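As structure tokens, the structure follows; a few thoughts come after it.
The values are calculated or read from the model by the stated rules, or taken from the named source; none is laboratory data. These numbers were taken from a predicted model, which means no experiment stands behind them. Keep in mind that these areas ignore ligands, DNA and RNA; they rest on the heavy atoms of the full protein, side chains included. Shrake-Rupley method; radii C 1.70, N 1.55, O 1.52, S 1.80 Å.
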Amino acid sequence: MLRAVDWNLNMPAISKLTITGYKSIRELREFEMRDLNVLIGANGAGKSNFVGLFRMLAEMYGERFQLHVATEAGADALLHHGRKRTAGIEAELDFGDSGSYEFSLVPTNDNRLLFEREIVLQHDFGRTTLTGGHAESLFPGYVQAVRANLNGRDLEYFESTNPPIDRIRVYHFHDTGDSARVKQIQQSNDHLRLKPDASNLAPFLRMLREQHGIHARMIVDSIRLVAPFFHDFVYRDGDPATVELEWTEKGDPDTPHKAHRLSDGTLRFICLATLLQQPWDLMPPIILLDEPELGLHPFAINILASLLKRASERRQLIVATQSIQLLSCLEPEDVIVVDRKDDASTFRRLDEAQLSVWLDDYSLGELWEMNVLGGRPA
């Protein structure tokens, strides 16, 4: 019998990360990751490429890798300066005591990428090298095969230590236009997980209200801090087949409004508050957010910083930001400075001891503006 783990609260997190040959990232080896990792840097430095690797991982696990390569303009667009400069892409995600997952990709003559190798290491299940030369990841099939041969606490332990590639989520709440999916009518039963674009926000909030009332209340309370006019969400009686996001104003709880009446910043904050205050067992173990501060009032960014810190107590967060306000709410060790040197991205975590003299008089945001931290246009 394998040892048991409280995996609902303590999911595997990335302890070290290696990336070579991917877009602007020529070489990043065994980079230490923490519970909260906030990337800052100039436009084009490589923050979005760092996040993009995790988007690619999601497509790999979903067996949509070749489609992803095609929509990204082929192998040469993903390789660091193309195949003439870079032979392939390699990455390794080290999950500490749980194990690791690594892969290498090589280009083909027709501008695709194939897996040269995939390796899964779980310390209690051994090291498995998956056959090379395949177009789609074999990792999902490996996981299914192991699950089929386990049960009870052994299966529970496998789930708790298996590299959670299938549970890494990159969230992007930027689309708040009139045609945004978050504003449309949604299926009531579409509430298993909050989707990356919050396109099922209405049924997910309804489910939280019915099954996790404390969390639903926390979300509403956070929204009221940012939007004092907000009263509550509207929940129709009965069991409708479809729902849409509706809300009421403070002082007028009898008049429902549609999501179109919310400002872009308020709607984005609602999405963020829902993501970061949902129950732990529904929250992905690794969450990525690209510029979550977009459209938010400075006070809302302060609240967002608190929500990020809270979520990072039990989940791993990777956030790319351009916000001086958000940076000022963080600890130095949470911050990764991304620069572009010799036509490649570099990554450096801040050292509080080195900044101690500056921090007596300035916030991190002010130091970034003063170009003390780096991560500014050269």
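What the table below lists for this structure:
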item: With all protein chains modelled, accessible area of Y235 [1.4 Å, Å²]; result: 60
item: Accessible area of R236 in the full protein assembly, 1.4 Å probe (Å², nearest 10); result: 130
item: Ellipticity estimate at 222 nm from DSSP helix runs (n ≥ 4, -39,500 (n - 2.57)) divided over the chain, nearest 500; result: -9000 deg cm²/dmol
item: Using distinct alpha-carbon pairs, which all enter the 1/r mean, Kirkwood radius of region 31-105 in Å; result: 14.1
item: Estimated translational D of region 226-378 in µm²/s (Stokes, Kirkwood radius over Cα pairs; 10 °C; 1.306 mPa s); result: 88
item: Amide H partners (placed H, <5 Å) of S345, local residues excluded; result: I25, R26
item: Global geometry of region 257-325, whether rounded, prolate or oblate, following the gyration tensor of its Cα atoms and the 1.5 cut on a/c; result: oblate
item: Part-to-part distance (alpha-carbon centres) for region 41-103 and region 311-359, which is given in Å; result: 22
item: Fraction of beta bridges assigned by DSSP in the chain that are antiparallel (%, nearest 5); result: 75
item: Potential lengthening between D343 and Q66 on full extension [0.36 nm per residue; Cα-Cα distance subtracted]; result: 97.0 nm
item: Segment D221-D237, length gained on full extension (0.36 nm per residue, minus Cα span); result: 3.5 nm
item: L121, L262, reordered so the largest accessible area comes first (probe 1.4 Å); result: L121, L262
item: Relative contact order (%) - the chain, alpha-carbon pairs under 8 angstrom, separation at least six; result: 20
item: Surface per residue (accessible, 1.4 Å probe) for region 225-378, Å²; result: 45
item: Heavy atoms of D361 accessible to a 1.4 Å probe, total area in Å² rounded to 10; result: 120
item: Under Karplus coefficients 6.51, -1.76 and 1.60, residue-wise ³J(HN,Hα) of region 19-26 in Hz, glycine/proline x; result: 9, 9, x, 9, 6, 7, 8, 6
item: Lysine pairs within the chain, Cα separation less than 16 Å, 8 or more sequence positions apart or different chains; result: 7
